[in-house]
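S.K.: Structure provided below as structure tokens; questions to follow.
Read-outs throughout are calculated quantities, based only on the coordinates presented, and are distinct from any laboratory measurement. Note that this is a predicted model, so its numbers are computed, not measured. Here Cβ is always computed from backbone atoms with ideal geometry, including for glycine, and neighbour counts include all displayed protein chains.
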Amino acid sequence: MHVFMYLSHWLVLQGLVKRYKDVIDVSSGNPHGMGLKPLTFVRQVLATCFYPPLVHDESLPLDVRQRAQSLLAECDGESIGSYPATYGMKHVRSSVSTFITRRDGVVSDPDNIIISNGSQHALILILKLLVQGRGLQQTGVLTPVPCYRSFNKGLVAQGAVSVPYYLCEEQGWTVQVEELRRALQAARGHCNPMVLYIINPGNPSGHVQSKASIEEVIRFAAEERLFIMADEVYQGCVFGKDSEFYSYKKVLSEMGPPYSTNVELASFHSVSKGFMGESGLRCGYVEMVNLDPQVMRYAYQAFSFNALASVPGQITLDVMLNPPQPGDPSYAVYAQKKINITENGLPGMTCQPINGGIFMFLRLHLSKAAIEHAEEKDLEPDLLYSMRLLEDTGLCVAPGCELRQKQGTHHIRICLATPEEIMEDVLHRLKSFHLRFIKEFP
């Protein structure tokens with residue numbers, strides 16, 4: 001649970017909540033926890049798989065019953081209670097492969113795909129394969145700033161060194177090769193940088209990399225012999241004008257040799273993120289490209305012991321990658337999925353264009369008085385702002401200092417995957433508090 005939620009519960013217990021009737025937590029990506037409704041097709045397929053007699057219930061759409069029947073046929077005993085295959089159900093791995101092939105126009109081999117119990121677990125297990133050494137030989141991982149908290153915690157837990165590179169906020173949080181090179185050279189004095197971690201679309205930045213930007217990054221990785229970990233879990237949430245998602249696998253393939261044959265890549269996707277928001281079902285996949293066969297064997301062993309995904313999660317992954325198509329009975333309802341996007345317009349607060357993902361990363365332009373007040377409290381300025389926001393309005397956001405940020409800047413992160421009526425309340429609380437705060441600290 002987020003640290004501010006503990007504080008909010010404490011406030012409630014102490015009877016100190018006076019200005020609001022409830023707490024709204026938009027600090028992290030938990031769409032269903034925020035009240036976003038699950039997709040009907042997904043839940044109907046799951047319900048039918050849990051209770052197979054529904055296959056014959058004509059009140060359910062035909063495509064729901066057919067999908068459930070085909071998935072049940074892949075389970076031992078036609079029951080989702082049976083153990084799944086170690087690296088993922090064969091049918092689901094095939095669905096992932098078909099999805100990637102259709103997305104990229106490049107044939108994907110199911111043997112290079114492993115189904116995991118969420119992208120975060122897959123990221124950690126890939127790190128286990130890569131992290132080694134101590135001191136100057138300790139593996140360094142180039143990590144974007146800003147970046148969500150759990151990845152940096154995972155790096156530390158695996159014994160890796162986080163090598164921060166700063167996204168350029170002034171240019172829409174772009175990845176700049178000059179900054180990657182600076183971070184790499186600075187790190188070589190205290191560790192051995194071997195891995196480049198990319199989040200595209202960005203969390204929390206909301207940026208979407210252009211094809212040209214990805215090509216530059218791949219050339220840099222090839223030059224420096226870096227392993228690329230491409231976190232692409234928000235690829236289904238790209239909505240910025242003139243923005244388009246390009247996978248690292250697609251761009252790498254189109255660049256041709258020597259890049260397409262030598263650059264090592266692991267790309268990740270998940271049902272937890274984006275418009276699905278099925279965080280509790282814990283399933284995702286990793287596709288590995290250009291890994292040595294010996295390393296692939298170790299990868300299979302690591303995942304077989306630690307990352308077995310549940311059958312319901314794998315069913316959800318299959319639906320996400322192979323959704324209802326135009327003409328199918330369930331298509332009209334399924335196609336209604338959306339993410340709310342909100343523009344900013346408050347004094348002392350700005351936001352770069354949000355082109356993808358599910359977060360808004362607002363920059364706070366705080367006064368000298370506000371910053372000095374935070375220093376007197378021994379708090380980061382955006383942490384003080386976030387605590388006051390919670391105490392005064394019941395709105396829980398993530399302070400930028402928890403996500404790391406460029407020194408001297410201050411931010412808050414808000415999850416946009418929120419029902420419209422709740423988001424209206426979020427914006428009302430934020431606006432009223434912010435105007436009071438800048439009046440208090442002019």
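S.K.: Between the range 235-263 and the range 113-160, how far is it from one alpha carbon centroid to the other, in angstrom?
M.R.: Here the two parts' Cα centres lie 22 Å apart.
S.K.: Could I have the simple spin-label model distance between Lys90 and His365, label points 7 Å from Cα toward Cβ, reported in nm to one decimal?
M.R.: For the pair Lys90/His365, the computed spacing is 6.1 nm.
S.K.: Name the most mobile residue of Phe305, Phe50, Phe268, meaning the one with the largest mean-square fluctuation, in a Gaussian network model of the chain with Cα contacts below 10 Å.
M.R.: Among Phe305, Phe50, Phe268, the largest mean-square fluctuation in the Gaussian network model of the chain belongs to Phe305.
S.K.: Separate question: Between Glu372 and Gln407, what length comes free when the chain is fully extended (0.36 nm per residue of separation minus the Cα-Cα distance, one decimal in nm)?
M.R.: 11.1 nm
S.K.: Taking a ≥ b ≥ c as the square roots of the Cα gyration tensor eigenvalues, with a/c under 1.5 meaning rounded and otherwise prolate when a/b beats b/c, else oblate, which class fits the range 10-157?
M.R.: oblate
S.K.: For the chain, what is the mean residue ellipticity at 222 nm derived from helices alone (per DSSP H run of n ≥ 4: -39500 (n - 2.57); sum divided by total residues; nearest 500 deg cm²/dmol)?
M.R.: -12500 deg cm²/dmol
S.K.: Here's another thing I want to ask about it. Modelling each spin label as a point 7 Å along the Cα-to-Cβ direction, I'd like the Val107/Ala47 distance in nm, to one decimal.
M.R.: Between Val107 and Ala47, the label points sit 4.2 nm apart.
S.K.: Build a GNM of the chain with springs between Cα atoms under 10 Å: which of Gly408, Gly189, Gly206 gets the top mean-square fluctuation?
M.R.: Judging by the Gaussian network model, the answer is Gly408.
S.K.: All other residues with a Cβ under 13 Å from the Cβ of Ser108 taken together, and with Lys, Arg as +1 and Asp, Glu as -1, what is their net charge?
M.R.: So the surrounding residues net to +1.
S.K.: Further question on the same structure: Among the listed pairs Lys153/Lys431; Lys128/Lys249; Lys406/Lys439; Lys211/Lys241; Lys153/Lys273, which are separated by more than 24 Å between their Cα atoms?
M.R.: Cα-Cα > 24 Å for Lys153/Lys431; Lys406/Lys439; rest within.
S.K.: Let me ask another. Note down the net charge around Ser210, summing +1 for each Lys or Arg and -1 for each Asp or Glu among other residues with Cβ under 11 Å from its Cβ.
M.R.: That sum, taken over residues with Cβ under 11 Å, equals -3.
S.K.: While we're looking at this one, here's another question. Which of Asp25, Asp109, Asp231 comes first, and how do the rest follow, when ranked by fewest Cβ neighbours within 10 Å?
M.R.: Neighbour counts put them in this order, fewest first: Asp109, Asp25, Asp231.
S.K.: Let me ask something else about it. Could you work out how far apart the two model spin labels at Ala302 and Gln138 are, taking each label as a point 7 Å from the Cα in the direction of the beta carbon, and quote it in nm?
M.R.: Here the modelled spin labels are 1.9 nm apart.
S.K.: Work out the charge dipole of the chain with +1 on the Cβ of Lys and Arg and -1 on the Cβ of Asp and Glu about the Cα centre, then indicate which of Pro146, Ser243, His32 is farthest towards its positive end.
M.R.: Going by the charge dipole, the pick is Pro146.
S.K.: Extension gain Lys37-Leu62, at 0.36 nm per residue separation less the Cα-Cα distance, in nm?
M.R.: Here the answer is 6.8 nm.
S.K.: Moving to a separate point now. With unit charges on the beta carbon (Lys/Arg positive, Asp/Glu negative), name the residue among Pro110, Pro323, Leu362 whose Cα is farthest towards the positive pole of the charge dipole of the chain.
M.R.: Of the listed residues, the answer is Leu362.
S.K.: Further question on the same structure: With contacts defined as alpha carbon pairs under 8 Å and 6 or more residues apart, what's the relative contact order of the range 90-321 in percent?
M.R.: Over the range 90-321, the number comes to 25 percent.
S.K.: Assigning unit charges at the beta carbon (Lys, Arg +1; Asp, Glu -1) and nothing else, what dipole magnitude in debye, to the nearest 20, does the chain show about its Cα centre?
M.R.: Magnitude of the dipole: close to 520 debye.
S.K.: Please state the relative contact order of the chain as a whole percent: Cα pairs under 8 Å, 6+ residues apart?
M.R.: 22 percent
S.K.: Sorted from fewest to most neighbouring beta carbons within 10 Å, what does the list Glu244, Glu421, Glu169 look like?
M.R.: Fewest-to-most Cβ neighbours within 10 Å comes out as Glu421, Glu244, Glu169.
S.K.: If you restrict to DSSP beta bridges whose two residues both lie in the chain, what percentage is antiparallel, to the nearest 5?
M.R.: Once the DSSP bridges in the chain are tallied, antiparallel ones form about 50 percent.
S.K.: How much length, in nm to one decimal, is gained on full extension between Arg388 and Lys211, taken as 0.36 nm per residue of separation minus their Cα-Cα distance?
M.R.: Roughly 59.6 nm would be gained on extension.
S.K.: Arrange Thr350, Thr48 by Cβ neighbour counts within 10 Å, fewest through most, would you?
M.R.: Ranked by crowding around the Cβ, least crowded first: Thr350, Thr48.
S.K.: Quick one: net charge of Ala398's neighbours, Cβ under 14 Å, K/R +1, D/E -1?
M.R.: Around Ala398, the charge tally is 0.
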